Structures are given as C-alpha cells and as structure tokens.
Amino acid sequence: MLHEAAHAFAGRYCGYEMKKIVLMPYGAMIYGGEKFRDKEGLKIAIAGPLSSGLCALLTLSVCWIVPELYDSLSDFLSANIMLLVLNLLPCFPLDGARIVLALFTNKMKALFILKILGILVSVIMIAFGIASFWFVPNITLISTGAFILIGALFGSKKEEYYFVASKMSYAKDYVHGVTERCINVSIEMRVYILLRYVSDKYITTFKIVDKSGTSIMDFSEVDVQNFILKSNPSTKISEII
C-alpha cells in the first residue's frame, strides 16, 4: 500500500485529486478521474518504484549504522529491492508499462507490445521458479510470474482500454501550440479505436458518418474518454447513438 500511496502523493503533488485505489489480482491501481498530460503521468508512474527504492536505501543506511539490525531488516530490504526492480520492468500491467505509455504516442500499439513482454517475462519467471525446486525453492518467483501473467494474458479488454484511456493526453500542450482537427469515422467503428487519435498536440473532434459519408453527429475527446471509462469500449458507435 505504501507503493500505491506514493502514486497518490505524486498525483496530488502534480495538482490532481487521486480518489481511490482499485485492487487487482496482480496489485492495485490508483484512479483519480483526472485528465493529465504524459509528463505528469510519467511522474506519477515513477513515484511507486521510487518509494520502494527509497525504502531500500533507508534500510541499508540503518543497517550500515547499526549492523546488528540487518538480520531483522533483511527481508524488508529484499522485498523493497524486488519491488523496485519488478515494477520498472516494461511489462503490462506493471509501472514500467505506465512509464513506456507516457513516452509513446501510439499507445494502443505500445500496449500490445507491453502485453507480449508481460507474457514473456512471466513465463520466464515461472520457469525459473519451477527450476528452483531442484536447488533452493522460490515460491515468490512463481507467484509473481503468475500475477503478471494474469494481468497480461487474462485481463479484460475493458481494463486494458481503461488503462490506456486514463493515460491519454487529454490535457493540451498549449505552450507549444495545439492544432484543431476533425476526423471522419464510420458509425460502425468500435469506440476504443478512437483512442489512437488522441494527442496533447491536437484538439480532435470525431465526426460520425454513415456509409455514404453523411455526417450524423460529433464526438469530442471527453465523450470518448467517458464512454470507455464507464461502458464497454468494444461497442460499435452505431450501438450508442
């Protein structure tokens, strides 16, 4: 929980209200219902692993000053080092994936790659965990790999799109200039696909058209975000208008 509290603190420091912690089979996720730019998203993502690193550093300092405490604190030290290294891995659904998503423009493509990496890393961890039974059994390696595999392989589509939608650049970079644009999309398109066109460099309006190209209605970026966060993102536009 200290790890997630660090995310919440970073969010508040950046000026956002982090409302709740959602527990998942493989960990937890902070949700603030906020629209933050990639730069702030990067700070919030790094805060969790950074808290583990600071805890490990403080523990090492205490053990250096009072060596007699090492045996008592060694498990806490190891746990924080593991959390630091683990959460920096660029694998969905870990913090490393959030960091990568903040750095990439095409977040849907990045998410696909991060899921593949998550599956590969989890399989390797489970394999090494099983192999450890021939030497020194490591149950933690197997359970951690299993949790990552659950998130990467069996996580719901809605959860994945929620993950991307909550990281999208809805706040705009007005300092460097923002372009207004209108994109025509078919009424048969699925809502989650619209995420690909959201950027902090553009204010995008989605013009929904029928097969003949006739305009039916407009979607704003906020409309897209709200629908994905509250409903089924795989739904066709024709089913919600």
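A few comments on the model shown:
- Qualifying residues in the stretch 194-203 (those that are touching a residue at least 24 places away in the same chain (Cβ under 8 Å) and hydroxyl-bearing (S, T, Y)) - the one nearest to C182 (Cα to Cα): Y202
- Qualifying residue in the stretch 11-27 (condition: modelled with pLDDT under 65, part of a helix (DSSP H, G or I) and either in contact with a strand residue (DSSP E or B) (Cβ under 6 Å, 6 or more places away or on another chain) or over 23 Å from E221 (Cα atoms) (or both)): yes
- The stretch 54-83, subset in contact with a Leu (Cβ under 8 Å, 6 or more places away or on another chain) and among the aliphatic types (A, V, I, L, M), residue farthest from N138 (Cα to Cα): V62
- The conditions of being surrounded by fewer than 19 Cβ atoms within 10 Å (Cβ to Cβ) and of a type outside the set (S, T, N, Q) are met by V62.
- Residue count for the stretch 93-116 under the criterion of being surrounded by fewer than 17 Cβ atoms within 10 Å (Cβ to Cβ), outside any helix (DSSP H, G or I) and at pLDDT 80 or above: the result is 0.
- When I30, I46, I130, I119 are screened for being in a helix (DSSP H, G or I), at pLDDT below 80 and farther than 23 Å from L194 by Cβ, only I46 passes.
- If only residues of the stretch 197-241 that are part of a strand (DSSP E or B) and among the charged types (D, E, K, R) are counted, the one that is nearest to the chain's Cα centre (by Cα) is K236.
- Residue match in the stretch 76-91 (condition: touching a Phe, Trp or Tyr at 6+ places or on another chain (Cβ under 7 Å) and either under 21 Å from I126 (Cβ atoms) or surrounded by 13 or more Cβ atoms within 10 Å (Cβ to Cβ) (or both)): no
The values are calculated or read from the model by the stated rules, or taken from the named source; none is laboratory data. Everything numeric here is computed off the predicted structure, so don't read it as measured data. No Cβ is skipped: glycine too gets one built from the backbone with ideal geometry, and neighbour counts run over all protein chains shown.
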